[in-house]
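Some notes on the structure that comes next.
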Amino acid sequence: MSEQSYEPNMVLSTKEFDVVGKRPLRHDGVDKVTGRAIYGADVSMAGLMHGAVLRSPHAHARIKSIDTSKAEAHPEVRAVVTSTDFVDPGDKAVDLGEGLTRLSYIRNNVLALDKVLYRGHAVAAVAAASLHDALEALKLIEVEYDLLPPVLTAPDAMKEDAPLLHENLRMTEFGRPTDKVSNVSDHFRHEKGDIEQGFAEADLIVEREFDTSTVHQGYIEPHNTTALWNNDDRIHIWTSTQGPFTIRDTTAAILDKPVSQVRVTPTEIGGGFGGKIPVYIDPVAALLSNKSGHPVKIVMSRAEVLEGTGPTPGSHLKIKMGVKSDGTMMAAQAWLAYEAGAYPGAMVVPGGMCVFAAYDIPNVTIDGYDVVVNKPSTAAYRAPGATNAAFATESVVNEIAEKLGIDPLDLRLKNASKEGTRRADGPKFPRIGCLEVIEAMKNHPHYSAPLEGPNRGRGVAVGFWFNAGLPSACNIAVNPDGTITLVEGSPDIGGTRTSVAMQAAEVLGLPAEKVSPSVVDTDSVGFTAVTGGSRVTFSTGLAAIEAARDVREQMIQRAAKIWGVESDGVEFRKGVFHLKNGTENRMTFSELAAQIATTGDPIVGRAGVNPPGVGGSFSGNIVDVEVDPETGKVTILRFTAFQDAGKAIHPSYVEGQMQGGSVQGIGWALNEEYFMNAEGKMMNSSLLDYRMPTSLDLPMIDTVIIEVANPGHPFGARGVGEANIVPPPAALANAINNAVGVAMNRLPMNPVAVMGAIWEKNGATD
Amino acid sequence: MPIVFIPAAMKELTAGAAEIRVGGSTVREAVAELEAAYPGIRDWLFEDNRLKPNIAVAVDGVVSPIGLLQHVDENSEVHFVAAISGG
């Protein structure tokens, strides 16, 4: 590929298909742009009541009493619930798709039982005839608190004398429970080689510490739910979620009901990014519905979203890397402490798996700590844990390159992971595109373009995310007009209706427009795991491929029946059935579809998959910035994102993911943080003050899609939803360093932080 | 015989051994052999007679969706890794 051939949005394709790789219009496009798509807040039905949630004003307190009598006496109030309305789950542990979790943690996060652990923690809820009445009734609930000191960062919470959030939380160390009561819920370690020997053989060692802030996913649509607890004891929930089956299973577990009694209909979803996997208000609305006898809808405010739902962890990281003078990486050590928020489950495990994933280093030790603090219980956020880790590692890698006088991409190329590289956590990488991504960065004209002017700098960084497989199901029915109806269980966040439909279309030789995809409720399709882990195009796509193959086989048999031959006498090519006997007999898919009703049974294809062969994705950024040395403001001049998509099923949606992930990474880098006061109150719980980037803050994000086919998928697809958020903070830190010569160790790198670093460099004393 | 890689956290159970060759044609059988030689391994990996939900099995670098039922052959590499999904 010559330099001249690069365009603002490039696809470095390695294989062509008839449908896959093209850019058809999205099937849900008209509904979305006309406002006809039904989102959760649009749900309405006869007798609907409106719910509201009372939340703790304190970050850490014991609940002495809750008096709901005055609220219950309110004439428009139909129901009031607290945590005691739930069945006591005891010590029961459940696996709800995000690993093993104590059910009591989930239940107590949904409605606090005896302690509130963060400001915004839900305490009680009310259902009333109007939202106004519900909000008024909340003021009538009297909660008596016994205030406790909050602890807000991982390093503080790890101190021996730190206030304890959970008096019964005992640390697990190296996979085994200990007797130590602590805010550290888990300590794990990965080891590879001999770390001491590795550092002893290094010519240069760089060691730095970093902090990253708590950051929210910032989905535009707030959480919402409508629940109807019917007279037959069946519960129907309409909700905005990434995982309708997760909501079903979690709600059923909390309410102590069989999953078959809970049906979840996923409405359209206005963003999630991992934050709409956990359950918050669905069981509460269900309880309110049961008590009131009415359907109940709850819609969170923006402040409730920011203060009461799971952001991504803040973290404290220490990175030490040793290299030979020629740049060969010899040893790397990481110490990662991630804030889980109120309940265990920080994303430090994947952070530890990704922290050195881009490099083939013979000697590695990684220690990770999962630490509870008095902030909202954290949730997944796009490559959870990896962005924090890459900010630290990629900053150190750039410092090494600078100190050795080696081009930073050459240093990365020299040490890049490849097929067969053994990861620090054990397994060898299968076919991956790390080298190819870095090579594309090196070859891109952005990298060699002149960058002139004072206080301007260029930075690079790379990142990695594993991606997930997990179960998906799909049904396909053939219609007499030659179209197919495709039913799936994956809520469509990034255009996945179309990317899944295209894969079925490719198998059946149809244009994508002849596929009608639907996302249905949990009673209407087989179990399908969350829309998360960049898994839908890969895994639900595979289910669609298998269901389409099932249809194709049945169609071949039907053609054979019509022609009076055995099915192996029929051949299917590009949407046309051919008789193999040398005659001219042929039928198009549509012609055969029109004969189905008169020649046999309806044709319905089905598939359930839980596929191995997940392809991890590497990504990279080149970014140019200008730093205002008077104010510390960072202006992004040019930004190019690179990512290995395996095969871009729908390149526009891959580009959209890359651009979206880049913008979110830029938000982490330059602006976003939970600004907490000493009492643990978030001081910026609105989108005016919680500053996410807008189009006015950004240049066009150019994209380069690299295609290193994933051997685990028939078309080579890899998940693309997450790896793109990983490198931006590090790339921007390196660009700022290149511009004004300050090493940034903290996110966000807002004007205050940048000016602080500049003043420190210049020797200012205060 | 497949080779089982012992995570750092489990090495105290294997007297420091990092790689152990065992018999068996599935991961379950391989774990049974490991347990016979190094008691305690099973407790580390299992809960309620199943692999703990936060642990996944990777055979030859590929995380297996069927875990303990995964076939292993003579040259397979077996790893116990963290089960992760994403956002």
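Only the coordinates and a few stated rules stand behind these numbers; no lab work does. This one's a predicted model, so the numbers in the text were calculated from it and none came from an experiment. Positions of Cβ are generated from backbone atoms using ideal geometry, with glycine treated the same way; all protein chains shown enter the neighbour counts.
Residues in region A:693-708 carry Karplus couplings, in order, of x, 10, 4, 6, 8, 10, x, 4, 8, 6, 10, 10, 8, 9, 10, 10 Hz; the curve used is 6.51 cos²θ - 1.76 cosθ + 1.60 with θ = phi - 60°, and Gly or Pro positions show x.
For region A:388-403, putting each phi into the Karplus relation 6.51 cos²θ - 1.76 cosθ + 1.60 with θ = phi - 60° gives couplings of 3, 5, 5, 4, 6, 4, 5, 5, 5, 4, 5, 5, 4, 4, 5, 5 Hz, in residue order, rounded to whole numbers and with x for Gly and Pro.
Partner shielding of B:46-58 amounts to 3, given as the average count of beta-carbon atoms from other chains within 10 Å of each residue beta-carbon. Taking other Cβ atoms within 10 Å as a rough exposure proxy, A:Tyr690, A:Tyr280 sort from fewest to most as A:Tyr690, A:Tyr280.
The spread of Cα positions in region B:3-82, taken along each principal axis and listed from longest to shortest, comes to 28, 28, 20 Å.
Here region A:189-227 and region A:530-548 have alpha carbon centers that stand 28 Å from each other. Under 5 Å between amide hydrogens, built in the peptide plane, is the criterion, and for B:Thr26 it picks out B:Val72 among residues at least 5 positions away or on other chains. When the alpha carbon gyration tensor of region A:412-468 is reduced to an equivalent ellipsoid, the three semi-axes, largest first, read 30, 12, 10 Å.
Once you divide the Cα radius of gyration of region A:472-609 by 2.2 N^0.38 Å, the number left is 1.07.
Arranged from fewest to most other beta-carbon atoms within 10 Å of their beta carbon, A:Met502, A:Met744 become A:Met744, A:Met502. P(r) for region A:257-378, from all Cα pairs and a bin width of 10 Å, is 11, 28, 25, 18, 11, 5, 2, 0 %, short bins first.
Extending 7 Å from the Cα toward the beta-carbon at both B:Arg21 and A:Ser325 defines two label points whose distance is 4.3 nm.
Proximity of backbone amide H atoms, modeled 1.01 Å from N, is registered between A:Ala112 and A:Ala122, A:Val123 at under 5 Å, excluding neighbours fewer than 5 places apart on the same chain. The mean sequence distance of close C-alpha pairs (under 8 Å, at least 6 residues apart), as a share of the length of region A:307-347, puts its relative contact order at 40 percent. Sparse packing (at most 16 other Cβ atoms within 10 Å of the Cβ) combined with a DSSP loop state is found for the following GluC sites (Glu not before Pro) in region A:675-744: A:Glu679. Return the loop-located GluC sites (Glu not before Pro) in region A:436-500 (DSSP other than H, G, I, E, B) with at most 11 other Cβ atoms within 10 Å of their own Cβ; answer none if there are none. Answer by residue number: A:Glu452. Applied to region A:187-198, the Karplus parametrisation 6.51 cos²θ - 1.76 cosθ + 1.60 on θ = phi - 60° returns per-residue 3J(HN,Hα) values of 10, 10, 9, 10, 9, 8, x, 10, 5, 5, 5, x Hz, with x for Gly and Pro. Among the listed pairs A:Lys15/A:Lys418; A:Lys115/A:Lys291; A:Lys324/A:Lys403; A:Lys32/A:Lys276; A:Lys22/A:Lys514; A:Lys22/A:Lys574, those with a Cα-Cα distance over 18 Å are A:Lys15/A:Lys418; A:Lys115/A:Lys291; A:Lys32/A:Lys276.
Across region A:215-306, the convex hull enclosing all Cα atoms gives 83 Å³ per residue. Straight-distance candidates among the lysines for linking to A:Lys92, with alpha-carbon spacing under 18 Å and chain neighbours fewer than 8 residues away dropped: A:Lys257, B:Lys52. Assuming a viscosity of 0.890 mPa s and a temperature of 25 °C, what translational diffusion coefficient in µm² per second does Stokes-Einstein assign to chain A, Rh being the Kirkwood radius over Cα pairs? In µm²/s, the coefficient rounds to 90. For the pair A:Glu630 and A:Glu571 in one chain, pulling the backbone fully straight at 0.36 nm per residue adds 14.1 nm over the alpha carbon distance.
By the count of other C-beta atoms within 10 Å, a proxy for reagent exposure, A:Val708, A:Val623, A:Val30 are ordered fewest to most as A:Val30, A:Val708, A:Val623. When you filter the GluC sites (Glu not before Pro) in region B:1-76 for DSSP loop state and at most 16 other Cβ atoms inside 10 Å of their Cβ, you are left with B:Glu74.
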